[in-house]
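A.B. asks: Here it is, the structure, as structure tokens.
The values are calculated or read from the model by the stated rules, or taken from the named source; none is laboratory data. It should be emphasised that the depicted structure is a prediction, and the values quoted were computed from it without experimental measurement. A quick note on method: Cβ atoms are made from the backbone with ideal geometry, for glycine too, and the neighbour counts reach across all protein chains shown.
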Amino acid sequence: MPFEPNRPGRESIEQRRANGLATTENIEDAVTTLLNDRQTFARFRDAVNLSLAVRQTHFPMTIARWYSQSVLMGLRRIGDRDPRTHSLRALLDGMILNPEDWDIDAVISLWPQEARRDAETLQFAVSFTYGPFADSSGRSLNTGRVLLDRDRLDLALSRVKLVVNKTIAHAERTAGLPPNMTFDQLDESIDSCHELVKPYITLLTGRSYNDMTPVEAQVWWRIFAPWQEIQPVPE
């Protein structure tokens, strides 16, 4: 069999680390997008609730369908088990499979220079960032922690995967109603991914978040204000 340089398991340690960092940054963007879309949809939903005339049309349900399907697919990608993908699941699998790639020296080498500018700053960063992931030696990855996070991810996205596979990616011929999710359940899945991904972003990039939801720079939702003046269709 010819050598396949991009085949999973054939990469060098340096390639695996670079791929892990690239995946982390991709996941950061993915989760930020989900949080931003949820925030935007909430503004839209609030505006719709203030207008009986708009609620009488098909428009809100169409937007809700677009939003829910987009969120479902975004969440499904985060939990993708294909090792060739930029997914949180693939990142965790790789860390469990190759824990030696993520010892303390390797992780520190990925951080920005300002996190390593002096011994005191570095010690604080190590304690805050690598400490929760370290084994008893304090210098190697505790795969038990990563395994628990992987289980939490699978549980958080189990319903998402079912709905996507049976209603969006495929239209299965099954008895009864197809599986679905409420908006509250979608929110719970987004929140779970949000909380799970933050420590890994900090671990591999040095960036730390309390909340990854983008800050709205403008009161853009005022564009919906005229909806309140529209008269509903007489019954």
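A.B. asks: With respect to residue 134, is the statement that it is in contact with a Ser or Thr (Cβ under 8 Å, 6 or more places away or on another chain), over 26 Å from residue 37 (Cα atoms) and surrounded by 14 or more Cβ atoms within 10 Å (Cβ to Cβ) true?
C.D. replies: yes
A.B. asks: Scan segment 31-59 and report the pairs whose first residue is within 18 Å of residue 214 (Cα to Cα) and without any contact (Cβ under 8 Å) to a residue 40 or more places away in the chain and whose second residue is surrounded by 16 or more Cβ atoms within 10 Å (Cβ to Cβ) and β-branched (Val, Ile, Thr), with Cβ atoms within less than 8 Å and a gap of 6+ or a chain change.
C.D. replies: 37/71
A.B. asks: Looking at segment 207-235, which of its residues are of a type outside the set (Lys, Arg) and either outside any loop (DSSP other than H, G, I, E, B) or closer than 23 Å to residue 160 by Cα (or both)?
C.D. replies: The answer is 211, 212, 213, 220, 221, 223, 224, 225, 226, 227, 228, 229.
A.B. asks: Restricting to helices (runs of 4 or more DSSP H) lying wholly in segment 80-127: which have 2 or more residues that are closer than 27 Å to residue 164 by Cα and not β-branched (Val, Ile, Thr)?
C.D. replies: By residue number, 88-97.
A.B. asks: Here is a further query. Which number in (1) more than 30 Å from residue 45 (Cα to Cα); (2) assigned to a helix (DSSP H, G or I) marks the one condition that residue 162 misses?
C.D. replies: Status for residue 162: all satisfied but (1).
A.B. asks: Being touching a residue at least 12 places away in the same chain (Cβ under 8 Å), farther than 20 Å from residue 61 by Cα and not in a helix (DSSP H, G or I) is the filter here; which residues of segment 174-206 pass it?
C.D. replies: Passing the criteria: only 206.
A.B. asks: Is it true that residue 139 is of a type in the set (Lys, Arg) and within 22 Å of residue 189 (Cβ to Cβ)?
C.D. replies: Values: of a type in the set (Lys, Arg): yes; within 22 Å of residue 189 (Cβ to Cβ): no.
No.
A.B. asks: Something else now. Among the numbered criteria (1) hydroxyl-bearing (Ser, Thr, Tyr); (2) surrounded by fewer than 14 Cβ atoms within 10 Å (Cβ to Cβ); (3) under 30 Å from residue 183 (Cα atoms), which single criterion is violated by residue 51?
C.D. replies: Evaluating residue 51 over (1) hydroxyl-bearing (Ser, Thr, Tyr); (2) surrounded by fewer than 14 Cβ atoms within 10 Å (Cβ to Cβ); (3) under 30 Å from residue 183 (Cα atoms) leaves (2) as the failure.
A.B. asks: Now, a different point. Filter segment 116-125 for residues that are surrounded by fewer than 19 Cβ atoms within 10 Å (Cβ to Cβ) and either within 18 Å of residue 147 (Cβ to Cβ) or of a type in the set (A, V, I, L, M, F, W, C) (or both) and give the result.
C.D. replies: Scanning segment 116-125 gives 119, 122, 124.
A.B. asks: Mind listing whichever residues of segment 196-227 are of a type in the set (Asp, Glu) and surrounded by 12 or more Cβ atoms within 10 Å (Cβ to Cβ)? Spell out how you get there, then give the answer.
C.D. replies: If we filter segment 196-227 for residues that are of a type in the set (Asp, Glu), which is where we start, we get 211, 216.
Across segment 196-227, the qualifying residue is only 216.
A.B. asks: Kindly list the number of the only condition in (1) over 21 Å from the mean Cα position of the chain (by Cα); (2) modelled with pLDDT of 95 or more that fails for residue 166.
C.D. replies: All conditions are met except number (2).
A.B. asks: Which numbered condition trips up residue 38, out of (1) surrounded by fewer than 11 Cβ atoms within 10 Å (Cβ to Cβ); (2) of a type in the set (D, E, K, R); (3) modelled with pLDDT of 95 or more?
C.D. replies: For residue 38, the failing item is (1).
A.B. asks: Count, please, the residues in segment 128-159 that happen to be part of a loop (DSSP other than H, G, I, E, B) and small (Gly, Ala, Ser).
C.D. replies: Residues meeting the conditions: 4.
A.B. asks: Another one. State whether the residues of segment 62-75 include one that is out of contact with any strand residue (DSSP E or B) (no Cβ under 9 Å at 6 or more places or on another chain) and not in a helix (DSSP H, G or I).
C.D. replies: The first filter runs over segment 62-75 and keeps only residues out of contact with any strand residue (DSSP E or B) (no Cβ under 9 Å at 6 or more places or on another chain), leaving 62-75.
Retained after the next criterion (residues that are not in a helix (DSSP H, G or I)): none.
No, because not a single residue in segment 62-75 is out of contact with any strand residue (DSSP E or B) (no Cβ under 9 Å at 6 or more places or on another chain) and not in a helix (DSSP H, G or I).
A.B. asks: Which count do you get for residues in segment 76-115 that are buried (at least 18 other Cβ atoms within 10 Å of the Cβ) and of a type in the set (Val, Ile, Thr)?
C.D. replies: Qualifying residue count for the region: 3.
A.B. asks: Something else now. Quick check: is even one residue across segment 108-115 of a type in the set (Ser, Thr, Tyr) and either closer than 28 Å to residue 181 by Cβ or touching a Phe, Trp or Tyr at 6+ places or on another chain (Cβ under 9 Å) (or both)?
C.D. replies: The answer is no, given that none of the residues of segment 108-115 is of a type in the set (Ser, Thr, Tyr) and either closer than 28 Å to residue 181 by Cβ or touching a Phe, Trp or Tyr at 6+ places or on another chain (Cβ under 9 Å) (or both).
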